[in-house]
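Right, one structure below, let's go through it.
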Amino acid sequence: MFEQEASLVPPWLEPMLRTAFFTVCRTHGDAARSECNMYCLDCNDQAFCFYCRSSKHKDHQVIQIRRSSYHDVVRVGEIQNIMDISGVQTYVINSARVVFLNERPQPRSGKGVAHICEICGRSLLDPFRFCSLGCKRDGNASFTLEIKNEAFMERKEGISRQVSSRKQEELREDSQHDIYPPTTHKPPSSARRRKGVPHRAPFGS
């Protein structure tokens, strides 16, 4: 059971949720962009700064973590193509749609609240199940994109079937041309010969 639940969660998600972001980089502490607000999904190790990315993670898959009211968020556009975030409440912050990484402390919602997080009970703006990626993980929900991949494969197979049927139709038309070759018309025959002029029989003497 545990292995089945673990397979629904990317191996880098749990370490990323535990990572402390926005600390000062030990290597580039004197630089202007020295805050560690990036995470490498390939290395799955620790947060790093802008300059570390250029030198150590140039060709890796990296996402940038941002801050909203002292809480870590990630843009939906950066993460929705690598994991399924359906069911998680999204917010628009600084003209960008984001999701929170972890649960945010809040008193239990009282009566009259239409939507709440299934795990922590936080009030939600829209009919979502979770307030953050962390709560979705605790809810044993799937983060995989298998459903979207299956839909893509179905569309691809549908296109292949259309192309195949089109080719079969073309082959069928070609075969009909071979079986029933076009009829050739003989050139018109020459005009009928004119009959000779009849000669009258001579009169008897």
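The values are calculated or read from the model by the stated rules, or taken from the named source; none is laboratory data. Everything numeric here is computed off the predicted structure, so don't read it as measured data. Glycine gets a Cβ as well: all are built from the backbone with ideal geometry, and neighbour counts include every protein chain shown. Heads up: the accessible areas ignore ligands, DNA and RNA and are worked out on the full protein's heavy atoms, side chains in. Shrake-Rupley method; radii C 1.70, N 1.55, O 1.52, S 1.80 Å.
Per-residue Karplus couplings for the stretch 62-73, computed as 6.51 cos²θ - 1.76 cosθ + 1.60 with θ equal to phi - 60°, are listed in order as 10, 10, 9, 9, 10, 10, 9, 6, 6, 10, 7, 9 Hz, Gly and Pro entered as x.
For the stretch 15-102, a Kirkwood radius taken over Cα pairs fed into Stokes-Einstein (25 °C, viscosity 0.890 mPa s) yields D = 180 µm²/s. Accessible surface calculations at 1.4 Å, restricted to protein heavy atoms, place the stretch 32-102 at 53 Å² per residue.
Label separation (Thr144 vs Leu17): 1.8 nm, computed from points 7 Å beyond Cα along the C-beta direction. Ranked by the mean number of other Cβ atoms within 10 Å per residue, highest first, peptides 125-134, 23-32, 83-92 order as 125-134, 83-92, 23-32. The alpha-carbon atoms of the stretch 48-147 define a convex hull whose volume equals 127 cubic angstrom per residue.
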